[in-house]
Amino acid sequence: MSEFQKTMSLTGIAVLLVLSALLTAPTRITPDSFLDQGEPFFPDFTDPNTATTLEVVEYDEDTGAAQAFKVTFQDGRWTIPSHHNYPADGKDRLARTAAGVIQIRKDDYRSNNVADHEVLGVIDPLDETATSLKGRGKRVTIKGGSGQNLADLIIGSSVEGRSSLRFVRLPDQKRVYAARVDIDISTKFEDWIERDLLQVETRNIQQVTLRDYSIN
């Protein structure tokens, strides 16, 4: 066998070994659970000014009932339906809350097991089929002018050792993430109303007349 034939033979063997190694090498597969890590929860919700309704539902373990707070823009004015449609001053606060929700991302995948929902605090407070009184999170829903859902999520317990992170889950999904939640979702009535209804200074008031009304 000539030197040329030997060289070609060895080259062919080397090529076959390389192909064999490529075909038999283990393939690195990224689990589906981690494919969306780092993505926003609501990629289509980008403008906080499109939000016209905020509803927050919390669960009272003492009474075993869900408590809802809602503020909305309807018929040309902001009101609080959960408090007898009391006039609200909610535009700026709702925009800030919506902007904070837009920024929430799927920072770290934690669980896809329903059995973990209680300990992570992400049981839906509106879930009437859940038997546990503990482990229910705060459900936050933001809607647009046509009543469409812009965002809907359940915020659970704080991540141990990382107070800026909370466990978060979408109501229609089992998957739970740890996410940075840097927003003030207030359900306090006084935070959403205009306290100075008359918007006048005391020195400008010359006379006050009190009328004795009664209400049922």
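Take the range 54-98 and flag every residue that is within 17 Å of residue 150 (Cα to Cα), among the β-branched types (Val, Ile, Thr) and either open to solvent by 70 Å² or more (accessible area, probe 1.4 Å) or part of a strand (DSSP E or B) (or both).
The answer is 56, 57, 71, 72.
May I ask you to list the residues in the range 148-179 that are part of a loop (DSSP other than H, G, I, E, B) and free of Cβ contacts under 8 Å to residues at least 12 places away in the same chain?
Scanning the range 148-179 gives 148, 160, 161, 172, 173.
Conditions tested, residue by residue: (1) surrounded by 13 or more Cβ atoms within 10 Å (Cβ to Cβ); (2) in contact with a strand residue (DSSP E or B) (Cβ under 9 Å, 6 or more places away or on another chain).
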{"site": "122", "(1), (2)": "yes, yes"}
{"site": "131", "(1), (2)": "no, no"}
{"site": "136", "(1), (2)": "yes, yes"}
{"site": "142", "(1), (2)": "yes, yes"}
{"site": "147", "(1), (2)": "no, yes"}
{"site": "151", "(1), (2)": "yes, yes"}
{"site": "154", "(1), (2)": "yes, yes"}
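Please state which of the following conditions residue 183 fails to meet, knowing it meets all the rest: (1) in a strand (DSSP E or B); (2) in contact (Cβ under 8 Å) with a residue 24 or more places away in the chain.
Going through the list (1) in a strand (DSSP E or B); (2) in contact (Cβ under 8 Å) with a residue 24 or more places away in the chain, residue 183 breaks only (1).
Can you confirm whether the range 125-137 contains a residue that is touching a Ser or Thr at 6+ places or on another chain (Cβ under 9 Å) and at negative phi?
Yes, the conditions are met somewhere in the range 125-137.
Does the range 15-31 include one or more residues that are in contact with a strand residue (DSSP E or B) (Cβ under 9 Å, 6 or more places away or on another chain) and modelled with pLDDT of 85 or more?
Within the range 15-31, none of the residues are in contact with a strand residue (DSSP E or B) (Cβ under 9 Å, 6 or more places away or on another chain) and modelled with pLDDT of 85 or more.
Just one of (1) open to solvent by less than 80 Å² (accessible area, probe 1.4 Å); (2) in contact with a Gly (Cβ under 9 Å, 6 or more places away or on another chain) trips up residue 178, so point out which.
Unmet condition: (2).
The values are calculated or read from the model by the stated rules, or taken from the named source; none is laboratory data. The model shown is predicted, which means the values in this text are computed figures rather than measured ones. In this analysis, Cβ positions are derived from the backbone assuming ideal geometry, glycine residues included, and neighbour counts consider all displayed protein chains. Remember, those area values only see protein heavy atoms, side chains included, never the ligands or the DNA or RNA. Shrake-Rupley method; radii C 1.70, N 1.55, O 1.52, S 1.80 Å.
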